[in-house]
Each structure stands twice: as C-alpha cells, then as structure tokens.
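Bear in mind that the values in this text are calculations on the coordinates, not laboratory data. These numbers come from a predicted model, not from an experiment. Glycine gets a Cβ as well: all are built from the backbone with ideal geometry, and neighbour counts include every protein chain shown.
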Amino acid sequence: MASQNLYKLGDTKKQAMTKVMVFGTFDFVHPGHINFFQQARQHGDKLVVVIARDSTAEKIKGKKPTFSEQDRLQMVQALRIVDKAVMGYPGDVYRIVREENPEVICLGYDQKTFADKLPDKLKELGMKARIFRLEPYMPEQYKSTIIRKAIAREPSQ
C-alpha cells in the first residue's frame with residue numbers, strides 16, 4: 001500500500017521529530033562509529049552527538065585523546081548522518097541532556113561510564129527518554145583502542 005500524505009498542501013502542522021542522543025570521545029572516527037550513528041538514527045529523526053571534553057575523556061580512559069576536542073567536534077560535524085554535534089560539559093555530564101532533552105538516548109555496546117546511573121538520573125530530572133543499548137559492529141577490528149595500537153605498529157614512511 002502506498003504511503004499517504006497526512007497533511008494537505010499549505011497545512012502548517014508539523015510532525016514531531018524524535019531526537020536521538022549519543023555520547024562518545026570519537027577520537028578516531030572509524031566504520032564502527034559510523035555504524036553506531038546509523039543504528040542510533042534508526043531510533044529517531046534527528047541525531048545529536050555529544051563529544052566528550054578532553055578532560056572528561058582523560059578521566060574516563062586514563063589518557064588524553066589523540067585529537068583535541070575541537071578537532072573531534074569538527075570531524076563529527078562533517079558527517080552527513082549527524083544533524084548536530086555538541087561538546088559535553090565538564091563536571092556535569094547531564095547538563096547537555098537537560099538542554100537537548102532527547103526522546104531517545106542510545107548507548108554503545110561497551111559504554112559503561114554514566115550508563116549505569118542514567119535511568120535513575122533521567123527519572124530524577126523528570127525526563128522520559130527511552131534508552132537503547134546498541135549492537136557492536138566488528139569490535140575485534142573497529143574499536144579505537146585496536147586502531148590506535150595498529151597505527152602505533154605501522155612503520156613511518
């Protein structure tokens with residue numbers, strides 16, 4: 001059956017867009033990240049990507065990212081699948097969630113930081129975002145730590 005246009009021409013009513021939010025460092029944007037964004041996008045219409053601050057990434061991972069937070073932000077902003085890329089806030093990981101107020105939050109398969117407290121924190125904030133844990137995409141090949149090690153092994157030219 002063919003889809004039907006629910007609105008007449010000139011109708012000013014707009015369909016509500018479902019905002020999906022994801023979080024990460026995204027130091028090396030690789031096919032695993034692209035797949036992550038694609039999976040998240042399946043849960044809504046607008047994809048908002050939160051880039052971890054350098055200080056937050058260092059605190060979580062024990063080392064500074066290779067690329068600066070501004071470089072990482074620009075790389076993610078350049079991706080067509082991403083509607084909006086924003087920096088997180090140091091010290092208050094929930095501030096950007098409150099500001100953007102997504103209907104859906106998608107977490108990576110290995111994302112542990114702040115994920116365990118997220119349902120309770122959303123309830124405390126009066127937010128009703130649905131939370132989804134996304135599937136890995138070839139984690140034995142496309143994981144930033146594996147890529148970083150492979151690059152370190154490559155001889156300089």
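Just tell me which aspartates and glutamates come within less than 12 Å, Cα to Cα, of residue 46; anything on the same chain fewer than 8 places away is out. Straight-distance partners of residue 46: 83, 100, 103. The loop-placed trypsin sites (Lys or Arg not before Pro) in region 31-112, going by DSSP, that have at most 15 neighbouring Cβ atoms within 10 Å of their Cβ come out as 63, 80, 112.
Measuring r between the beta carbons of residue 64 and residue 124 and using R0 = 35 Å, the FRET efficiency lands at 0.65. Inter-label distance, residue 110 to residue 81: 1.8 nm, where each label sits 7 Å from its Cα along the C-beta direction. Could you run the Debye sum over the Cα atoms of region 19-153, one equal point scatterer each and no solvent, and tell me log10 of I(q)/I(0) at q = 0.19 Å⁻¹, two decimals? Reported log10 I(q)/I(0), two decimals: -1.16.
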